[in-house]
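The values are calculated or read from the model by the stated rules, or taken from the named source; none is laboratory data. Remember, it's a predicted structure, so these values are computed and weren't measured experimentally. Every residue, glycine as well, gets a Cβ built from its backbone with ideal geometry; the counts of neighbours run over all protein chains shown.
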Amino acid sequence: MSLRPPLSLIGRLLRRSPPPAGEPPPQDAASWFGTSAAWDDLPAAPEAGTESEPPAPGASLPPFVRIYRVFIGARMALALVLLSAQLLSYALGNQPIWAALILSLVYAAQTLSIWLLPAPAEAQPRVGAKGTATPLRRRSWLATIGVDVVTLSLFYAMSPASGVNYPLLLALPVLMAGVMTPRLPALGVAAIVTLVLLGVALWGGDRSGQTSTLLTQAGLLGTGFFAIAVLAGELAERLASAGLSARGSMELARQQAQLNRLVIDEMQDGVLVVDRQGRVRAANPSARRLLAAEGMARAAPFQLRGVADWEPLVRSVEQAFIDGRWPAGGREVTLPLRAAQDSIGLRELRLRVRFTQRRDAQGPEDLCVLFIEDMRSIYARARQDKLAAMGRMSAGIAHEIRNPLAAIAQANALLDEDVSTPTQRKLTQMVSANVDRLKRIVDDVLDAAPGVRSDPGLIAVGQQVSIICEDWLRAAEMPAELRRTGAGGALMSTMGSAAARLAGRFDAEHLRRVLVNLLDNAWRHSSQTAGAIEVRLESRHRRGEGRDPREYLVLSVFNDGEVIPEHVERSLFEPFFSTRSRGAGLGLYICRELCERYGANIEYRQHGAQERRRNEFVVAMPAFPLLTAP
């Protein structure tokens, strides 16, 4: 079954409209492997039953147009030679043949005008009988061939016995007809020329008495002209078929290139084409996003060397070129991407490398193709697989635990009423504290479990953050002199003026849950001195490819504790992971689930050693005008 119809359909779907005249193509229209102009410039195959449009000025001429121009040039050269021969004969003192001289002048003028003057509008290229572009319509090329046949026949008739072999010159219109016309008209032209030769032979034979000789020569020449017409037509058909085949192949190649470009541009994995000098020849949008802390890296070509954040990647590429091989499962590389305000976000990437040329191959240069995967995405897929199986089970278990917990709490309350010794009261208090802890764990599991999610509406995030921070300071376990915001207090608060005028789509109680959890963790792992924690609310713009900049509210919680080790950072947001023996390991997991529920994002960033507060947890949520908030 042929693949051409579906590929043609795909090609038409993928074909983009050209930019206005005088404007460069947009950057987005460029292929992931450089510009696509090389493919877009290829001529598209004509639709069945339609005529191809005239070529644009300056465009390359089709093969048959070039052949036609060669014929026109040959006609002009022949006319000049005939005219020069007549003039030279007159200059040498021979008696001129005025009819031949006038005919030479007229023929030279006619061929020169066709060579110099542009073709009229009706003579522009169209799809001809041979299936390819022919330069003239039927009446135009018939007139051109007819002029040649008549003119050269008159020359032969006027001086059949001269030293000039005029019959061979008649091969020019026969050859032109064989190449430029269908088989039947070409044979017709050969027949007309043969009749002319036979007629002149009969006329000349009567005068010279060599009728049989002249007829034999004319017959042989006529047979040769028929052979020329047939062979030229066959070669022209083959040329037309080869041209159509090449044109179809180029169209399929262009369609395949556009299809490959679409697939690669839509890939979730990044694709880079890098040479030995660290120069990126091509990069798809996913790779550009992975190489940038925010937004996208610049479009290819660009240099990997010289950018501090990309040094681990450069070293890996150089080592790959030196070794000439790469682990089949890939290799993990960590990029310390610096975002705004010199914050550092460690982005773990898995690299898989394929070489386009072996080390011992001969060629101008070596290229390697890098397939880049974000380890966060890999971890997220694995986490989703694990949580999908655990979610419903945990929710069911939590519901079943509630009933026994309620019975234990009631029984403990009854026992507490009848206790008479401090030891017994201490035991009932211990039971009550652990029952409350189990209730909190059950509530956390139920909050994180999938369920019906309603639209929370918009809230003034800046106002809510201020209230939550004040409430947290009053409830936190810390010295009384640190229970304030600002200088001398445990908490430093910074709110941008633009952020104060924006709202976010988040449930107020869930935002309190997230922020209180982050503040508890920040205080627990900080130096617990004045200024150990900072809460910052800002508005930032993030630009995505092909989209306008989107404004986000960025809520950051800093603390001055020790930086989180890499092996701990990987599991920060995993359920039931905790560095404390009495921790449930659900705090940050609940924070992430609540943030994702409202379209927000939470992540950990690490700052340089020169900063006091090196640990930062960031919550970014889409921002909306505060006027629309209730």
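A single entry from 300, 361 fulfils the requirement of being outside any strand (DSSP E or B), modelled with pLDDT of 70 or more and outside the structural domain of residue 607 (by TED's automatic domain parsing): 300. The listed residues are 435, 369, and the only one of them that is within 30 Å of residue 323 (Cα to Cα) and at pLDDT 75 or above turns out to be 369.
Scanning the range 224-250 for residues that are touching a residue at least 24 places away in the same chain (Cβ under 8 Å) and either among the hydroxyl-bearing types (Ser, Thr, Tyr) or not in a helix (DSSP H, G or I) (or both) turns up just one, 241. If you filter the range 591-619 down to residues that are part of a helix (DSSP H, G or I) and over 16 Å from residue 569 (Cα atoms), you find that the one that is modelled with the highest pLDDT is 595. For the range 250-292, a residue qualifies if it is crowded, with 19+ Cβ neighbours inside 10 Å and polar (S, T, N, Q), and the qualifying residues are 255, 258, 284, 286.
Annotation note: of 571, 581, the sole residue that is surrounded by fewer than 21 Cβ atoms within 10 Å (Cβ to Cβ), modelled with pLDDT under 80, under 36 Å from the mean Cα position of the chain (by Cα) and on the phi < 0 side of the Ramachandran plot is 571. The residue that is modelled with the lowest pLDDT, counting only those in the range 540-552 that are assigned to a strand (DSSP E or B) and either of a type in the set (D, E, K, R) or surrounded by 17 or more Cβ atoms within 10 Å (Cβ to Cβ) (or both), is 542. If you go through the range 182-199 and keep only what is under 13 Å from residue 234 (Cβ atoms) and either over 52 Å from the mean Cα position of the chain (by Cα) or outside any helix (DSSP H, G or I) (or both), you end up with 182, 187. Of all residues assigned to the range 520-528, at least one qualifies as being assigned to a loop (DSSP other than H, G, I, E, B), surrounded by 19 or more Cβ atoms within 10 Å (Cβ to Cβ) and either modelled with pLDDT of 85 or more or in contact with a helix residue (DSSP H, G or I) (Cβ under 6 Å, 6 or more places away or on another chain) (or both). Checked against the criteria, residue 190 counts as assigned by TED's automatic domain parsing to the domain that holds residue 174, in contact with a Phe, Trp or Tyr (Cβ under 8 Å, 6 or more places away or on another chain) and not basic (Lys, Arg).
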